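First up is the structure itself, then whatever we jot down about it.
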Amino acid sequence: MYQVEVQVKTLTVSDWLLRYCQPEKFVPLCRECPQYGKNWACPPGMTTAEKLAGNYRYVEVIGLKVRYDEQVRKEAEAFPERTEKLRQETYEVAKRKMLYALLALEEEFPGSRTIMAGGCTLCQPCARAQGKPCRQPEKMRYSYSGLGFDLGRVSQELLEMPLMWPKKGLPEYNVAIASLLHN
């Protein structure tokens, strides 16, 4: 159905912020997202990358490439109404596994902190949509894009996994970007 490739690059936090974080350009784009104001991991009102990075010295930038089998891509193209279900069964499953692997690393390396791809999907729907506090604050991690990172540049320059945006169906692959901040 799909294969997963992982790419990891280590940077200093200062270099990472300088090269890839542009909140003034990217955070306003979050207003177009259906998660805006409805997910605790997303704007408005979330922390900044600088505050989250705090006193960390290093960041492991992780690219998770979910490469779809030809059969899955053909199915998504032939039955567009099933495309989102196929994406949920592949990309979202892989992304969730990555989150739990990173949370396990946080336990192994106390004081480290994860940033995740996209909005938090631990609780459906997110409690923020009902004006309630986060149900799993110990597991919720902020959205990489919501912090203002240029994910296109991170994906292409750093991870060598250019983002793909098909007009319909599924692309050859999807990329999820996460990071682990540590000392």
Quiz item: Per-residue HN-Hα couplings for the range 149-154, Karplus 6.51 cos²θ - 1.76 cosθ + 1.60 at θ = phi - 60°, whole Hz, x for Gly and Pro?
Solution: 8, 7, 5, x, 5, 4
Exercise. Assuming R0 = 22 Å, can you tell me the calculated FRET efficiency for the pair Val4 and Thr121, based on Cβ-Cβ distance, to the nearest 0.05?
Key: 0.80
Practice problem: Averaged over every viewing direction, what's the projected area of the C-alpha convex hull for the range 1-140? Give it in nm², one decimal, please. | Solution: 9.9 nm²
Exercise. Hey, can you grab everything whose amide H is under 5 Å from the amide H of Phe149? Only 5+ residues off in sequence or another chain; H modelled, so Pro and N-termini drop out.
Key: Gln22
Quiz item: Across 5 Å bins from the origin, how do the percents of Cα pairs in the range 45-109 run, short distances first?
Solution: 4, 13, 16, 16, 15, 12, 9, 9, 6, 1
Practice problem: Starting from the residue with the highest accessible area, list Tyr36, Tyr173 in decreasing order, probe 1.4 Å. | Solution: Tyr36, Tyr173
Quiz prompt | Counting DSSP beta bridges with both ends in the chain, the antiparallel % (nearest 5) | solution = 95 percent
Self-check item: P(r) tail fraction, the range 1-65 - alpha-carbon pairs more than 19 Å apart, %
Solution: 50 percent
Quiz item: How much of the accessible area of the range 35-183, probe 1.4 Å, is carbon plus sulfur, in whole percent?
Solution: 53 percent
Quiz item: Relative contact order (percent) for the chain, with alpha-carbon contacts under 8 angstrom and 6 or more residues of separation?
Solution: 38 percent
Practice problem: Please list, or write none, the lysines whose alpha carbon is within less than 18 Å of the alpha carbon of Lys97, excluding same-chain residues fewer than 8 places away. | Solution: Lys65, Lys85, Lys139
Quiz prompt | Theoretical FRET efficiency, 1/(1+(r/R0)^6), r = Cβ-Cβ of Leu29 and Ala129, R0 25 Å, to 0.05 | solution = 0.80
Quiz item: If each of Leu52 and Glu107 carries a label point 7 Å out from its Cα toward its Cβ, how far apart are those two points in nm?
Solution: 2.2 nm
Quiz prompt | Dipole of the chain [Lys/Arg +1, Asp/Glu -1 at C-beta], most positive-end residue of Leu52, Tyr91, Met1 | solution = Leu52
Self-check item: Share of pairwise Cα separations in the range 94-183, more than 23 Å, in percent
Solution: 32 percent
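The values are calculated or read from the model by the stated rules, or taken from the named source; none is laboratory data. Predicted, not measured: the structure shown is a model, and the values here were computed from it. With ideal geometry, Cβ positions are generated from the backbone for all residues, glycine too; neighbour counts draw on all protein chains shown. Just the protein is used for accessible areas: all its heavy atoms, side chains included, with ligands, DNA and RNA removed. Shrake-Rupley method; radii C 1.70, N 1.55, O 1.52, S 1.80 Å.
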